[in-house]
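Q: The structure that follows is given in the form of structure tokens.
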Amino acid sequence: MRLEPLYTIRFSYPDDVGVSLVGKKGTEEAHFLFAEGTCEGRVSGKFRGSNHPRRRTDETFLMNIQGYIETRDGALIMLDYQGYGRSTDRSQELYKAYSAANERTKLRRQVVGFAKHVTDSEKYHWLNDSVCAISGEVRAPVGIPREQVKQLDVTLVFDVAELIWESPPE
């Protein structure tokens, strides 16, 4: 198998709500965030959606995004993203392991996941049985103390690549 780049999506959350459940083993959170942005690549257009993740006690977010891309050529592509928003500590550990740690990545969190799409557009019908991989980041602005960063200041950037089937070895 191999990955074929499909699009890069950039979005923010202009509105969000959440609750925290505190118990003997820590705090778990439930969120609902409205998402707006754009995507560029083989699929280009406007993105809208929502994420209703759960945040575990280890500070990992369980991404759960549903939404759509309205392409520049008028197609509507529904999408479903699932995966993990790694904790800041885990993300920093991995940036250091891959020699990617720097001033810009200091407050970033990594995102990994998979995507499915569905559309009635003939041009994009090949997406209807594709599985895609997501590699991304949650990018907080540099120079603002973490406790002062608002959700709207944060940009999420995901690279989405189609998993291309190849016959496994005999």
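Q: For the condition on the phi > 0 side of the Ramachandran plot, modelled with pLDDT of 95 or more and either of a type outside the set (Asp, Glu) or in contact with a His (Cβ under 6 Å, 6 or more places away or on another chain) (or both), what is the one hit in Gly85, Gly26, Gly74?
A: So the residue among Gly85, Gly26, Gly74 that is on the phi > 0 side of the Ramachandran plot, modelled with pLDDT of 95 or more and either of a type outside the set (Asp, Glu) or in contact with a His (Cβ under 6 Å, 6 or more places away or on another chain) (or both) is Gly74.
Q: So if I check each of Leu6, Leu79, which one is buried (at least 19 other Cβ atoms within 10 Å of the Cβ), within 23 Å of Ile164 (Cβ to Cβ) and in contact with a His (Cβ under 8 Å, 6 or more places away or on another chain)?
A: Result: Leu79 is the single residue among Leu6, Leu79 that is buried (at least 19 other Cβ atoms within 10 Å of the Cβ), within 23 Å of Ile164 (Cβ to Cβ) and in contact with a His (Cβ under 8 Å, 6 or more places away or on another chain).
Q: Still on this structure, I have one more. Could you give every pair whose Cβ atoms fall below 8 Å, whose first residue belongs to region 103-120 and is without any contact (Cβ under 8 Å) to a residue 40 or more places away in the chain and of a type in the set (Val, Ile, Thr), and whose second residue is buried (at least 22 other Cβ atoms within 10 Å of the Cβ) and in a strand (DSSP E or B), counting only separations of at least 6 or pairs across chains?
A: Val112/Gly136
Q: If you don't mind, there's one more thing I want to ask. Return yes when Val157 is surrounded by 15 or more Cβ atoms within 10 Å (Cβ to Cβ), in contact (Cβ under 8 Å) with a residue 60 or more places away in the chain and either within 19 Å of the chain's Cα centre (by Cα) or under 30 Å from Asp73 (Cβ atoms) (or both) and no when it is not.
A: Criteria met by Val157.
Q: Same structure, new question: Kindly indicate which of Gly113, Gly37, Gly41, Gly83 is over 18 Å from Val138 (Cα atoms) and small (Gly, Ala, Ser).
A: Gly41
Q: Mind counting the residues in region 1-42 that are closer than 23 Å to Gly67 by Cα and either in contact with a Cys (Cβ under 6 Å, 6 or more places away or on another chain) or among the aliphatic types (A, V, I, L, M) (or both)?
A: So the answer is 9.
Q: Quick one: in region 28-75, which of the residues that are farther than 20 Å from Trp126 by Cβ and out of contact with any strand residue (DSSP E or B) (no Cβ under 7 Å at 6 or more places or on another chain) is surrounded by the most Cβ atoms within 10 Å (Cβ to Cβ)?
A: This residue is Glu59.
The values are calculated or read from the model by the stated rules, or taken from the named source; none is laboratory data. Being a predicted model, the structure only gives us computed values, none of them experimental. Ideal geometry is used to build each Cβ from the backbone, glycine not excepted, and the neighbour counts take in all protein chains shown.
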